[in-house]
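The structure appears below as structure tokens.
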Amino acid sequence: MHAAPGATGEFTSLLNHISLAIRIINSRVRSAGLAGLLGYTGETNVQGEEVQKLDAFSNEVLLNVLQRSGHCGVIASEELDEAIIENNHGRYVALFDPLDGSSNIDTNVGIGTIFAILRRSEPKLTPPTLADALRPGREIAAAGYVLYGPSTLFVLSTGQGAHGFTLDPSIGEFFLSQPDIRCPDRGNCYSVNEGNYSRWTPEIQSWARWVKGDGPAIGADKDGEAPKTPYGARYVGSLVADAHRTLMKGGIFAYPADSKSKNGKLRLLYEANPMAFLFEQAGGGATNGKDRILDIMPTELHQRTPLVIGSKDDVAAYRQFMVGERS
Ligand code: AHG
Ligand code: MN
Ligand code: MN
């Protein structure tokens, strides 16, 4: 904040409010098994998914904290059918997936929270509207995710690189632990739900065979080196966990479209865009198979998109299969 001339401190205050919400969620995640927070609420959300108690709790916490901050004119959540349009002149839009990886909550596997912050244009002159939220990811002001894993790690970017902060539970504060995270240009691990193989297009099936070393070696690329397949397979089923491993070690994560999920499963505004922003900030890539994720112009709040993120060379190789340059 001090580095930005004319800064009002609102952006810093908003991020501090998000940090507070995350620490409250973290404390419940860590005690969910004891606090009766496992299992389902019995409701179904707009996604048609059964809502877990921790989904609902995390959503409530983020909502309450962000509304009290007064900084957001528009607030949207995976768990809310409609965006909340505040009667204020809040400078920002908050978009979030309060609890990612819900299917893993009861199995004690890594889960997370994902968010993106947009700036409203002319916040003092115009009332907030849904249109403030339906902006391409390249306009993101800040994006982050929290991985509730062996440690609680908050990966954040405000457009100046991607940085990791680890929670010190004895103090209840995050400390910078991984400054300037860089995604390797190429990895040796792929992460996709192969249970969907039979529903994929021939191009995606061809890529999946290649990445397992079953198919023509693809030619050397610019630096004269061809990716060395077969890659190792890793898939947790929590986007935050699969994405973070890919960000740190390189390789590729893909949730493609298929014959059942025509636009893929993951949501553009509060899963794909924040992840794409962070990967690009760390030198990685993010595509829907053909286009840059951050250039997609949203039309609906909960719209889905195929998502492929990872090392820039691995994402580029995937794209070449999709556009027919490799087969
Ligand atoms: P959420 O729990 O917020 O609904 O997200 C679940 C998503 C994402 O975390 C993960 O990558 C994907 O679902 C896994 O889907 P499959 O179980 O179909 O592989
Ligand atoms: Mn999710
Ligand atoms: Mn979720």
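The values are calculated or read from the model by the stated rules, or taken from the named source; none is laboratory data. Model, not experiment: these values are computed from the prediction. Using ideal geometry, Cβ is built from the backbone for each residue, glycine included, and neighbour counts are taken over all protein chains shown. Protein only, heavy atoms only, side chains kept; ligands, DNA and RNA dropped before computing areas. Shrake-Rupley method; radii C 1.70, N 1.55, O 1.52, S 1.80 Å.
Side notes on the structure shown:
- Only a single item in (1) modelled with pLDDT of 95 or more; (2) in a loop (DSSP other than H, G, I, E, B); (3) within 16 Å of ligand 2 (Cβ to nearest atom) is not met by Gln47, and it is number (1).
- Residue among Phe174, Phe154, Phe115 that is at pLDDT 95 or above, within 16 Å of ligand 2 (Cβ to nearest atom) and hydrophobic (A, V, I, L, M, F, W, C): Phe115
- Within the stretch 54-78, the set of residues being within 16 Å of ligand 2 (Cβ to nearest atom) and in contact with a Leu (Cβ under 8 Å, 6 or more places away or on another chain) comprises Leu54, Asp55, Phe57, Ser58, Asn59, Ala76, Ser77.
- Restricted to strands (runs of 3 or more DSSP E) entirely inside the stretch 105-215, no element has at least 2 residues that are touching a Pro at 6+ places or on another chain (Cβ under 6 Å), crowded, with 19+ Cβ neighbours inside 10 Å and of a type in the set (Ser, Thr, Tyr).
- Screening the candidates Phe11, Phe57 for the property of being among the aromatic types (Phe, Trp, Tyr), part of a helix (DSSP H, G or I) and closer than 18 Å to Ala142 by Cα yields one hit, Phe11.
- Residue in the stretch 256-274 that is more than 15 Å from Ala143 (Cβ to Cβ), hydrophobic (A, V, I, L, M, F, W, C) and away from ligand 3 (no atom under 16 Å from the Cβ) present: yes
- Unmet requirement for Val74, which otherwise passes all of (1) more than 20 Å from Val240 (Cβ to Cβ); (2) of a type in the set (Val, Ile, Thr); (3) assigned to a helix (DSSP H, G or I); (4) touching a strand residue (DSSP E or B) at 6+ places or on another chain (Cβ under 7 Å): (3)
- Candidates Leu130, Leu118, Leu134 - the one that is within 21 Å of Gln67 (Cα to Cα) and out of contact with any strand residue (DSSP E or B) (no Cβ under 8 Å at 6 or more places or on another chain): Leu134
- The one condition in (1) surrounded by 16 or more Cβ atoms within 10 Å (Cβ to Cβ); (2) away from ligand 3 (no atom under 12 Å from the Cβ) that Glu78 fails to fulfil: (2)
- Any hit, the stretch 20-35, residues being within 15 Å of ligand 1 (Cβ to nearest atom), more than 22 Å from the chain's Cα centre (by Cα) and under 30 Å from Ser170 (Cβ atoms): yes
- Qualifying residue in the stretch 92-102 (condition: open to solvent by 20 Å² or more (accessible area, probe 1.4 Å), at pLDDT below 95 and either within 16 Å of ligand 1 (Cβ to nearest atom) or under 21 Å from the mean Cα position of the chain (by Cα) (or both)): yes
- The stretch 41-55, residues that are without any contact (Cβ under 8 Å) to a residue 40 or more places away in the chain and surrounded by fewer than 17 Cβ atoms within 10 Å (Cβ to Cβ): Thr41, Gly42, Glu43, Thr44, Gly48, Glu50
Let's see how each residue does on (1) closer than 30 Å to Glu300 by Cβ; (2) among the hydrophobic types (A, V, I, L, M, F, W, C); (3) without any contact (Cβ under 8 Å) to a residue 40 or more places away in the chain:
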residue	(1), (2), (3)
Asp106	no, no, no
Ser151	no, no, yes
Phe154	yes, yes, no
Ser170	no, no, yes
Cys189	no, yes, no
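- Any hit, the stretch 60-73, residues being touching a residue at least 12 places away in the same chain (Cβ under 8 Å) and at positive phi: yes
- Condition broken by Leu247, with the remaining ones in (1) touching a Cys at 6+ places or on another chain (Cβ under 8 Å); (2) within 16 Å of ligand 3 (Cβ to nearest atom) satisfied: (2)
- Criterion: of a type in the set (Ser, Thr, Tyr), modelled with pLDDT of 95 or more and exposed (fewer than 15 other Cβ atoms within 10 Å of the Cβ) - qualifying residue of Ser19, Ser58, Ser69, Ser13: Ser13
- Considering residues of the stretch 272-291 that are surrounded by fewer than 22 Cβ atoms within 10 Å (Cβ to Cβ) and in contact (Cβ under 8 Å) with a residue 60 or more places away in the chain only, the residue farthest from Lys312 (Cα to Cα): Ala282
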